Each structure stands twice: as structure tokens, then as C-alpha cells.
Amino acid sequence: MFNKKVSVIALFLFMLTQSFTVIAEEQKARGNVMKVSGDVSVISADGETRTVQQAGESLNENDTIVTNEGGSVIVEYDDGALSVLNEKSRLRVEKTRWFSYLGGKIYFTFKKVFGEPRRVRTRSATIGVRGTTFILSDDTENNSQTIALKEGLLDVESTGRPFEIHRKKEMDDFERFKQKQEALREQMLTEYEQYKDQTMKEFIEYKHQFTLQPDRVVSLSGNRVDETAMTEEDRAAFDAFEAEAEDIIKAFRERSNNEESQ
């Protein structure tokens, strides 16, 4: 009888230990809040909502960060990533190296790492990230999502049909040449119109995956991709995010550079 009781107790303790282990795995810490302003909350994997009160609070695997009107938050993650969420934004923090963009306007910067890239899921694509700085945002007017890339490279892969990629050739080289030849203005204007007719044509490609280059912006609407050069408005958005998180981003990048040099 005594041995039977001991066995039952041992079994109970084993099951209790396993339960705590599962809970610990489910609540694996993925990041820390570096700065919070306004109304910001976190929804756990089981649907519980808590308000983010202060810097230093942790985020777990499968938590969803939500910034309400007037709210913003800066989070650093365990896989060499940092994000700044503007108001009315949502980001799910999944397993290490994985995020799901759920809406709003979010700034990302990633340390350079070797091995498997980090990935961000969007509505129609999976973005492969290494050392990169970019902004993801909603364009509700056109029912699309926009990726603006400041530095690094992004591998963008369709989660459905191949992308229909629309690009326009740039004429910056001609514009610079035109400025140097102002004395021949009338003649150059005529040549410019001819050049414009020849080169400002839309090129369409069909690809399941493409690589986005720095200073470029793409708009994703279903499987349609429109790629353009970055505008001053796009650059101003990066400036605004980096001004808000200036000291945190500076420290983050300094640590990244130190790690690369070791």
C-alpha cells in the first residue's frame, strides 16, 4: 500500500513538472519593452489582455502588441531585432526569428546575423530579413501594404500566386545631365521628351520572389507589386521614427557593430 501511494505521488509530481515545463515553453520570453507612451496593450496566446505600464516589461512568444490611438512602443527582441510601433499598430511576436505584421505603421531594424534569416509575415508575403532597416505600413485607401527599405536587402516571397511586379525606369541620370547643360535648354527639352517616351515605360515581371533594394518602396495589393523610388515623404517617416527612438536605436546599433567586430 505504501509503495502504491509513493508511486501515485511520484506520478503526480512528474505530471505537475511537465505541466510547468509546457507553460514555461508557451511563455518563452521573446523581447523587452524599451519605451512606452500612451495606450499600449499585449494580448497573450490564450486571449488575455494586459496593459503595458512601463519599460522593462517582457513579451512572450505568441504575444500580440497593440498600440491604440496616441500610443507607441519600442521593443527589443532576443533575435537581434528592434521595432517601433506607431499608434494603431499590431504586431504578433512569434517564435524566435518570426513576426507577423497585422497592421498600422511599424519601423524595424535588424542586426546583421549569419545563418537563418529573420522573417516577417504580411497579408500576402513573407519577408526574409538579415541586417536591414525598413518600415511596414497600411495603405487603407488602396487596400494595400507598403514596404519602404532604407538599408540592407529584403527577400520578398509570395504566399500565394506569383507576384505581378510593375516597375518604372528612373531618369535621375538624365536629370543630372540636363542641369549641366542648361545653356542648351530648348534642345534638351526636346530630347528630354523623346527620352521620356522611350524610357518611362512600365515593365511587368512575374516572380514568386524578388529582392528589394535600398531606397526603394513596394506596394503589395494581392499579388500585384508596384515598385518606386523612395520619396521625401518616405524619408521623413524614417526620420520621425528614429527621432522618437534615437538613443535606443543608437545603443542597439553600437552593440550590433561591436558584435560584428569581435
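Every number here is computed from the coordinates shown, using simple stated rules; none is lab data. Bear in mind the structure is a predicted one, so any value in this text is a computation, not a measurement. Every residue, glycine as well, gets a Cβ built from its backbone with ideal geometry; the counts of neighbours run over all protein chains shown.
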**Prompt:** Name the strands (runs of 3 or more DSSP E) wholly within region 39-82 that hold at least 1 residues that are among the aliphatic types (A, V, I, L, M) and in contact (Cβ under 8 Å) with a residue 12 or more places away in the chain?
**Reply:** 40-43, 58-60, 63-67, 72-77
**Fill in**
Matching residues in region 98-124 (of a type outside the set (Phe, Trp, Tyr) and within 12 Å of the chain's Cα centre (by Cα)) number 12
